[in-house]
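Everything on this sheet refers to the single structure shown next.
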């Protein structure tokens with residue numbers, strides 16, 4: 001199947017005590033002289049939290065930056081949809097928080113499958129992120145005295161989440177976007193909207209540019225630079241139905257992978273427990289309801305199977321608050337993977353509610369009784385409104401119905417401590433890399449990581465790369481650019497040439513079903529083996545039957561979509577293979593063969609305490625597996641318990 | 001959930017191959033539409049049907065499909081984002097339509113928003129308005145501790161009300177003058193209510209208005225159509241604040 005190689009991937013983690021590592025690293029990084037910065041050109045792909053913050057910060061430093069985005073404006077990136085909040089170890093609540101505690105919670109939340117040094121650094125810079133965003137004018141919630149307010153999120157016993165009503169991602173992205181727009185106006189950053197990166201240009205082993213398709217006129221464009229930053233988000237749409245925006249895709253990351261960047265832990269996906277349940281075949285996406293709702297909402301199902309009564313008619317003694325029952329310490333605030341699996345367990349056992357029986361209740365009646373409807377409306381009003389728009393039900397009067405859905409992907413391109421991939425000069429930020437969340441991400445940590453990478457890490461480490469490599473001048477006239485562009489164009493032409501009978505949506509939905517059933521919330525060897533065959537067949541089906549109309553040299557959304565699905569069909573196979581190869585359960589990766597008697601995930605630290613980094617070897621050869629051993633010197637590997 | 005019948009609809013959709021070509025309305029019949037579908041899911045179904053019939057799908061912008069990214073937006077029977085108050089096109093559901101309805105679907109109409117294709121328009125002018133001053137000039141790393149800047153809770157709430165703008169452009173589409181005053185006001189008002197926005201307050205109002213006018217958006221004549229169409233329910237009181245900011249800046253700004 002695949003060849004495994006025990007490689008010591010050079011993660012460039014600094015030596016010395018954990019709390020001093022980032023300072024030590026920064027002290028040792030080479031600097032680019034102020035006057036020389038303008039001689040360097042950095043290409044940023046993507047304009048979400050990671051991309052916008054990186055592009056703006058590099059522009060401020062004096063580098064020339066080109067930022068390409070598939071959106072019509074950088075402000076549309078999917079970071080905008082994050083609702084609940086952003087974590088930071090400020091300890092403003094005096095409840096005992098510290099950098100150390102945020103670090104430990106994140107490592108434990110990730111089920112001990114992330115790098116200690118990266119996670120510590122994330123916790124260390126978390127406070128700076130809040131400061132930066134406040135200074136930009138992000139309207140975080142405030143106490144009456146004018147100080148910053150906090151709320152609690154899953155997997156933590158302290159209150160460290162900063163928020164802007166239910167629109168925290170929107171406000172943070174608009175903050176980064178405003179900083180980006182300021183640099184555009186200063187002439188340091190050029191934003192190219194409606195461009196899709198279709199390939200990476202590698203010259204003499206270094207990432208030196210990208211090939212993009214101009215989505216308005218279909219023309220191929222090339223951009224050369226001294227470094228390329230991929231900030232292109234996650235691959236949740238491999239499942240077709242997810243909480244990701246429709247445009248989210250794996251193409252940029254996958255194309256870079258095919259050019260030599262290792263893909264790490266693709267099987268780690270996060271299923272979010274509080275989403276609006278699936279209804280009907282025409283459904284195009286799933287909608288998340290912020291985890292913050294679990295602060296005041298209580299999750300339950302009827303104690304009796306098939307109880308037909310309206311939820312409001314079911315008395316207290318006939319309800320099973322299963323999270324509170326199973327996890328008395330954390331109760332409704334257990335981490336996402338635990339809450340999701342518990343919901344699936346109840347539904348699979350026949351206790352589910354609603355027309356499909358694939359839902360559980362999220363009930364606010366006690367919170368409304370204790371705090372009043374107005375208080376709940378102030379905290380979550382927009383979420384209740386959204387719920388009503390979609391379901392036609394009033395969450396204040398009757399419990400909401402929720403079910404887990406694919407939300408975030410912890411896997412991504414492998415990066416070292418500098419956020420550099422296995423291709424020198426190619427850096428990967430935010431959800432697109434694998435680095436900080438291990439096998440499960442805690443709520444309110446994605447925004448933190450995207451901004452940490454873009455504002456506070458990449459400005460230092462990119463400078464070091466530029467200062468320490470003697471990069472030859474390379475322009476778009478270099479033959480590698482033309483060669484790579486021809487590859488990208490011929491792929492588009494082959495899609496158009498099929499002219500078959502099946503639509504992209506139709507095939508994508510089929511891929512989604514395979515992935516959700518075989519490689520979703522719980523997995524087993526038999527199902528994964530079957531998935532490998534089914535994905536391969538579906539990929540062949542795609543290249544035989546895909547039907548895309550119109551021209552490659554025009555605005556053609558169906559063609560864009562087909563190209564993304566073609567990459568998902570390649571990627572999906574690696575994802576299933578990684579899930580098959582990881583013979584343990586960890587965080588969001590739950591293998592049915594490896595569980596405790598109580599049905600909790602059972603890790604195998606002896607054999608799987610590593611990052612699985614996959615190397616592409618060509619279409620006809622299996623990937624090579626490289627393992628980066630995870631060394632825990634500061635926290636003890638224990639079985640996660642939220643009881 | 002109450003049971004609904006399926007809908008049979010006639011869709012009259014604006015088709016235009018590109019910015020340089022003439023556009024026209026074309027009628028399509030769509031049968032058995034579930035009332036639980038969102039408006040965009042209904043368009044997805046139309047596009048699947050068109051592909052089967054060998055006609056190119058209708059181009060429309062969309063992304064998050066949860067009402068926050070501001071990418072989607074079409075004029076539905078003359079109303080930007082359709083008939084529901086405070087609702088983006090993606091959050092509008094077919095249960096709000098009747099069996100047998102004729103639904104007319106057009107792009108945003110404004111000279112500052114040229115059509116890209118079918119229902120897709122170019123809204124880059126909004127980015128240029130923000131570039132003119134919709135930011136606080138603070139470099140990464142320069143920020144003091146978050147709690148060093150105290151913001152009274154009501155001011156934060158007021159700023160947040162304005163900052164909730166999703167930048168979709170419905171205000172422009174709704175306005176008979178194609179004015180982007182509500183969009184511009186939302187950003188000016190957001191920053192004018194916070195201490196962080198204070199140092200650049202005057203420049204911001206002057207420059208953003210100047211760019212707004214240069215981009216070809218019309219003047220505001222207080223008809224409040226923008227507020228009625230706004231899916232984020234941004235109030236026209238922010239335009240009043242913008243007017244105050246602009247007047248004060250005109251009288252007192254150093255050139």
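The values are calculated or read from the model by the stated rules, or taken from the named source; none is laboratory data. Just so you know, these numbers come straight off a predicted model, no measurement behind them. Note: ideal-geometry Cβ built from the backbone for every residue, glycine included; neighbour counts use all protein chains shown.
When we screen A:75, A:101, A:113 for residues that are more than 27 Å from residue B:165 (Cβ to Cβ) and in a helix (DSSP H, G or I), the only hit is A:101. For the stretch A:94-113, the criterion of a residue being farther than 30 Å from residue B:69 by Cα, touching a strand residue (DSSP E or B) at 6+ places or on another chain (Cβ under 6 Å) and buried (at least 23 other Cβ atoms within 10 Å of the Cβ) is satisfied by at least one position. Between A:554, A:572, A:562, the distinction of being outside any helix (DSSP H, G or I), at pLDDT 95 or above and under 30 Å from residue B:61 (Cβ atoms) belongs to A:554 only. What are the pairs with Cβ atoms under 9 angstrom where one residue, in the stretch B:203-228, is on the phi > 0 side of the Ramachandran plot and the other, located anywhere, is part of a helix (DSSP H, G or I)? Sequence gap at least six, or different chains. Matching pairs, first to second residue: B:216/B:125; B:222/B:239.
Taking each residue of the stretch B:130-158 that is within 7 Å of another protein chain (Cβ to nearest Cβ) and looking for partners that are modelled with pLDDT under 95 and in a loop (DSSP other than H, G, I, E, B) with beta-carbon atoms closer than 6 Å, six or more apart or interchain, yields B:153/A:144.
When the stretch B:111-148 is filtered for residues that are touching a strand residue (DSSP E or B) at 6+ places or on another chain (Cβ under 8 Å) and either assigned to a strand (DSSP E or B) or closer than 24 Å to residue A:177 by Cβ (or both), the ones remaining, listed by number, are B:113, B:114, B:115, B:121, B:122, B:127, B:146. Apart from one condition, residue A:485 fits all of (1) within 16 Å of residue A:542 (Cα to Cα); (2) not in a loop (DSSP other than H, G, I, E, B); the exception is (1). Set side by side, the residues A:184, A:191, A:211 differ, and just one is within 13 Å of another protein chain (Cβ to nearest Cβ), assigned to a strand (DSSP E or B) and either touching a helix residue (DSSP H, G or I) at 6+ places or on another chain (Cβ under 7 Å) or at pLDDT below 95 (or both), which is A:191. Only one entry in A:441, A:491 is touching a residue at least 24 places away in the same chain (Cβ under 8 Å) and outside any loop (DSSP other than H, G, I, E, B), namely A:491.
Residues that are surrounded by fewer than 23 Cβ atoms within 10 Å (Cβ to Cβ), without any contact (Cβ under 8 Å) to a residue 12 or more places away in the chain and either within 22 Å of residue B:225 (Cα to Cα) or within 9 Å of another protein chain (Cβ to nearest Cβ) (or both) do not occur anywhere in the stretch B:106-115. Could we say that residue B:44 is within 8 Å of chain A (Cβ to nearest Cβ), at negative phi, out of contact with any strand residue (DSSP E or B) (no Cβ under 6 Å at 6 or more places or on another chain) and surrounded by 23 or more Cβ atoms within 10 Å (Cβ to Cβ) here? No, not satisfied. Could you look through the stretch A:549-597, keep only residues that are in contact (Cβ under 8 Å) with a residue 60 or more places away in the chain, more than 14 Å from chain B (Cβ to nearest Cβ) and over 23 Å from the mean Cα position of the chain (by Cα), and pick out the one that is farthest from residue A:246 (Cα to Cα)? Among them, the one singled out is A:593. Among the residues of the stretch A:293-330, those identified as in contact (Cβ under 8 Å) with a residue 60 or more places away in the chain and within 16 Å of residue A:349 (Cβ to Cβ) are A:299, A:300, A:301, A:326. Taking residue B:185 as the residue in question, decide whether it is at the interface with chain A (Cβ under 10 Å from one of its Cβ atoms), surrounded by 21 or more Cβ atoms within 10 Å (Cβ to Cβ), in contact (Cβ under 8 Å) with a residue 24 or more places away in the chain and in a helix (DSSP H, G or I). Considered against the rule, which asks whether it is at the interface with chain A (Cβ under 10 Å from one of its Cβ atoms), surrounded by 21 or more Cβ atoms within 10 Å (Cβ to Cβ), in contact (Cβ under 8 Å) with a residue 24 or more places away in the chain and in a helix (DSSP H, G or I), residue B:185 comes out as no. Which ones in the stretch A:149-163 are more than 19 Å from residue B:154 (Cα to Cα) and away from chain B (no Cβ under 13 Å)? If the condition is that a residue be more than 19 Å from residue B:154 (Cα to Cα) and away from chain B (no Cβ under 13 Å), then A:152, A:153, A:154, A:155, A:156, A:157, A:158, A:159, A:161 are the ones that fit. The single residue among A:146, A:175, A:166 that is within 11 Å of chain B (Cβ to nearest Cβ), modelled with pLDDT of 95 or more and outside any helix (DSSP H, G or I) turns out to be A:146. Only residues that are part of a loop (DSSP other than H, G, I, E, B) and surrounded by fewer than 24 Cβ atoms within 10 Å (Cβ to Cβ) were counted across the stretch A:260-275, and they come to 1.
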